[in-house]
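Shown next, in structure tokens, is the structure this report addresses.
The values are calculated or read from the model by the stated rules, or taken from the named source; none is laboratory data. Predicted model only: the values in this text are computed from it and were never measured. Positions of Cβ are backbone-derived with ideal geometry, glycine not excepted, and every protein chain shown enters the neighbour counts. Side chains are part of the model used for accessible areas, which takes the heavy atoms of the whole protein and leaves out ligands, DNA and RNA. Shrake-Rupley method; radii C 1.70, N 1.55, O 1.52, S 1.80 Å.
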Amino acid sequence: MALVVSLVIALLLGVLSGAVMMPAARHLRSLHDGVPAQATLHRSGSCMVGRCQVEFEAGGRSVVADLPAGSGGGKKSVGTRMTVRYQADDPRTVARDEDVGGGGAAVLAWLSGGGALLFLLLSVVMVIAMRRQRRSPARRT
């Protein structure tokens, strides 16, 4: 049972890293050359999972946009000023200037990937130990 749990945890952490956090980090990096703008935090919450919004001026109009998953700044209160970068052709695609290097998404991708490898290694060690345990009584008789 412990082997199955360890393999499931390894799989889940691997999926989190490869399918969720790595694309989020890539998306944040894609805005590195975006248009900078001064923004105000419009809705705070868990920015790491994409529940924050910012308001800023782009092309002479006011834009309210969601910060992408992997963003930092969740501890800041509504009304906090920050610099964002947005795509010139789509101002609703935005990220905090501090996050365009990959932000917390890059860190979480590495951590969850490392955790997946750790649990996978643990599973291999358990399989080896179980095989040795099965062979051990056979050699004594």
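Each row is one residue, and each column tells you yes or no for (1) among the β-branched types (Val, Ile, Thr); (2) open to solvent by less than 60 Å² (accessible area, probe 1.4 Å); (3) over 30 Å from MET1 (Cα atoms); (4) over 18 Å from the mean Cα position of the chain (by Cα).
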| position | (1), (2), (3), (4) |
| --- | --- |
| LYS76 | no, no, yes, yes |
| THR80 | yes, yes, yes, yes |
| PRO91 | no, yes, yes, yes |
| ARG96 | no, yes, yes, no |
| VAL127 | yes, yes, no, yes |
| GLN133 | no, no, no, yes |
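Table: residues versus (1) hydroxyl-bearing (Ser, Thr, Tyr); (2) within 13 Å of the chain's Cα centre (by Cα).
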position: ARG29; (1), (2): no, yes
position: HIS32; (1), (2): no, no
position: SER46; (1), (2): yes, yes
position: ALA65; (1), (2): no, no
position: TYR86; (1), (2): yes, no
(message) Quick check on segment 106-124: of everything there that is open to solvent by less than 80 Å² (accessible area, probe 1.4 Å) and without any contact (Cβ under 8 Å) to a residue 12 or more places away in the chain, which residue is nearest to VAL15 (Cα to Cα)?
(response) GLY114
(message) Tally up the residues in segment 30-69 that are in contact (Cβ under 8 Å) with a residue 60 or more places away in the chain and either touching a helix residue (DSSP H, G or I) at 6+ places or on another chain (Cβ under 8 Å) or among the aliphatic types (A, V, I, L, M) (or both), please.
(response) 3
(message) So SER17 passes all but one of these: (1) free of Cβ contacts under 8 Å to residues at least 24 places away in the same chain; (2) under 27 Å from LEU122 (Cα atoms); (3) not aromatic (Phe, Trp, Tyr). Which condition number does it fail?
(response) (1)
(request) Being under 30 Å from ALA58 (Cβ atoms) and in contact with a helix residue (DSSP H, G or I) (Cβ under 6 Å, 6 or more places away or on another chain) is the filter; apply it to segment 101-132 and report the residue that is modelled with the lowest pLDDT. (result) GLY103
(message) Return the residues of segment 79-95 that are in contact (Cβ under 8 Å) with a residue 40 or more places away in the chain and within 22 Å of MET22 (Cα to Cα); say none if nothing qualifies.
(response) VAL84, ARG85, TYR86, GLN87, THR93, VAL94, ALA95
